[in-house]
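Student: This is the structure I want to talk about, given as structure tokens.
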Amino acid sequence: MVEIRNFAYSPEKVEINVGDSVRFINRDRIGHTATADDGSFNTGMLGQDEEAVITFDEAGEFPYYCIPHPHMRGTIVVK
């Protein structure tokens, strides 16, 4: 699970295996996204306490950011 809290992803880097899923949940009152740099995934806008689950079917490193707050950065590493 990745929590979005205080305009940051926690943890900032997650390591998972191919086929695993990551649950993103927004704890801030402000809306956020988790959007892959390469466009391979996008949670859409998540309001407070909303969540989205993304499944990763390919190995690789997937940096992501928040569309309205691009200084927010994270990485999913899929082995």
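The values are calculated or read from the model by the stated rules, or taken from the named source; none is laboratory data. It should be emphasised that the depicted structure is a prediction, and the values quoted were computed from it without experimental measurement. Because the Cβ atoms are built from the backbone with ideal geometry, glycine has one as well, and the counts that use them run over all protein chains shown.
Student: Step by step: first the residues of segment 21-38, then only those that are among the charged types (D, E, K, R) and under 14 Å from residue 65 (Cβ atoms), then the one that is surrounded by the fewest Cβ atoms within 10 Å (Cβ to Cβ). Which residue is that?
Tutor: At the first step, the residues of segment 21-38 found to be among the charged types (D, E, K, R) are 23, 27-29, 37-38.
Narrowing further to those that are under 14 Å from residue 65 (Cβ atoms): 37-38.
Details: 37: 12, 38: 10.
Step by step, filter segment 21-38, then rank; the result is 38.
Student: Tell me which residues, restricted to segment 11-31, are hydrophobic (A, V, I, L, M, F, W, C) and not in a strand (DSSP E or B).
Tutor: Step one: list which residues in segment 11-31 are hydrophobic (A, V, I, L, M, F, W, C), which gives 14, 16, 18, 22, 24-25, 30.
Correct list: 18, 30.
Here's the yes/no breakdown for (1) crowded, with 18+ Cβ neighbours inside 10 Å; (2) under 15 Å from residue 1 (Cβ atoms); (3) free of Cβ contacts under 8 Å to residues at least 60 places away in the same chain; (4) among the basic types (Lys, Arg):
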residue: 19; (1), (2), (3), (4): no, no, yes, no
residue: 46; (1), (2), (3), (4): yes, yes, yes, no
residue: 49; (1), (2), (3), (4): no, yes, yes, no
residue: 54; (1), (2), (3), (4): yes, yes, yes, no
residue: 59; (1), (2), (3), (4): no, no, yes, no
residue: 66; (1), (2), (3), (4): yes, no, no, no
residue: 70; (1), (2), (3), (4): no, no, yes, no
residue: 73; (1), (2), (3), (4): no, no, no, yes
residue: 79; (1), (2), (3), (4): no, no, no, yes
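Student: Ok, one more. How many of the residues in segment 1-10 are part of a loop (DSSP other than H, G, I, E, B) and touching a residue at least 24 places away in the same chain (Cβ under 8 Å)?
Tutor: Residues flagged as part of a loop (DSSP other than H, G, I, E, B) and touching a residue at least 24 places away in the same chain (Cβ under 8 Å) within segment 1-10 amount to 3.
Student: For segment 56-79, check the following and say yes or no: at least one residue is polar (S, T, N, Q), assigned to a loop (DSSP other than H, G, I, E, B) and modelled with pLDDT of 95 or more. Outline the logic, then answer.
Tutor: Initially, segment 56-79 is screened for residues polar (S, T, N, Q), giving 75.
Narrowing further to those that are assigned to a loop (DSSP other than H, G, I, E, B): none.
Scanning segment 56-79 turns up no residue that is polar (S, T, N, Q), assigned to a loop (DSSP other than H, G, I, E, B) and modelled with pLDDT of 95 or more.
Student: Taking the conditions exactly as written (surrounded by fewer than 12 Cβ atoms within 10 Å (Cβ to Cβ), within 11 Å of the chain's Cα centre (by Cα) and at pLDDT 95 or above), does residue 12 satisfy them or not?
Tutor: yes
Student: Continuing with this model, one more query. Mind checking which residues of segment 15-43 are among the basic types (Lys, Arg) and either modelled with pLDDT under 95 or under 12 Å from the mean Cα position of the chain (by Cα) (or both)?
Tutor: Selection gives 23 alone.
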